[in-house]
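To start, the structure itself, in structure tokens.
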Amino acid sequence: MQAAKEVCLWPLHEREPDTTWSRGPLVLLGDAGHPMRPHMAQGAAMAIEDAAVLVRCLRAYGAAAGAAYDHYQQTRAERVAQVQKVSSENSWMRTPTDPEWVFSYDALLAPLR
Ligand SMILES: Cc1cc2nc3c(=O)[nH]c(=O)nc-3n(C[C@H](O)[C@H](O)[C@H](O)COP(=O)(O)OP(=O)(O)OC[C@H]3O[C@@H](n4cnc5c(N)ncnc54)[C@H](O)[C@@H]3O)c2cc1C
């Protein structure tokens, strides 16, 4: 610390799991929709999973925003909220943990809801 020429404080912003990811023609993914603390190192992973599921929903339900966006959020919300919760608690891997629920998720195969 004494050797450092410069020291910064970086605020960590997070939100409660949100219920509104889209409105009209707009839809959010990644940190814009669900910012989280970095303690699971999953923020970018969630953004990439979101993108994959959103593309699948647009293909399955058509590019008309409403239905595709609703299915996208329904498919993603529970998983993202769980990752947000564990990240916020900073409890990931603090005790013996089966990490399968995080790492075995396949955004290309997860059932669309
Ligand atoms: C220190 C740190 C370590 C991390 N480590 C990991 C990790 O190990 N694993 C992991 O999965 N995640 C990690 N994350 C989280 C990860 O970086 C984010 O969750 C991820 O970058 C979110 O991607 P995003 O595309 O949603 O948002 P961003 O990466 O924030 O991209 C948003 C982009 O929009 C641009 N933008 C903003 N406003 C405008 C505007 N008005 N017009 C045009 N462009 C605009 C921004 O410049 C930015 O390029 C870490 C984060 C931090 C801070």
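The values are calculated or read from the model by the stated rules, or taken from the named source; none is laboratory data. Since we're looking at a predicted model, the values are computed, not measured. We place every Cβ from the backbone using ideal geometry, glycine too, and count neighbours over all the protein chains shown. Ligands, DNA and RNA are stripped out before the accessible areas are found, and what is left, the full protein with its side chains, is counted by its heavy atoms. Shrake-Rupley method; radii C 1.70, N 1.55, O 1.52, S 1.80 Å.
Points worth noting:
- Of Gly43, Gly30, Gly62, the one that fluctuates the most in a GNM where the chain has Cα springs shorter than 10 Å: Gly62
- Rounded accessible area of Thr19 (nearest 10 Å², 1.4 Å probe): 110
- Karplus-derived 3J(HN,Hα), 6.51/-1.76/1.60, for each residue of the stretch 57-63, Hz, glycine and proline x: 5, 5, 5, 7, 10, x, 6
- Sorted peptide list for 67-73, 7-13, 94-100, criterion being average Cβ within 10 angstrom, highest first: 67-73, 94-100, 7-13
- Shape summary: the stretch 42-103 maps onto an equivalent ellipsoid whose semi-axes, from the alpha-carbon gyration tensor, are 28, 10, 9 Å in decreasing order.
- Residue-averaged [θ]222 nm for the chain, counting only DSSP H segments that reach four residues, each worth -39500 (n - 2.57): -14000 deg cm²/dmol
- Residue among Val80, Val53, Val27 with the largest mean-square fluctuation in a Gaussian network model of the chain, springs linking Cα atoms under 10 Å: Val27
- Helix 65-89 axis, angle to the chain major axis (alpha carbon atoms, nearest 10°): 20
- Taking the Kirkwood radius as Rh and the Cα radius of gyration as Rg, the chain has a ratio of Rg/Rh equal to 1.07.
- Computed about its Cα centre, the charge dipole of the chain is approximately 160 debye, with only Lys, Arg, Asp and Glu carrying charge at their Cβ.
- A Förster radius of 22 Å, combined with the Cβ-Cβ distance separating Lys85 from Gln2, puts the computed FRET efficiency at roughly 0.05.
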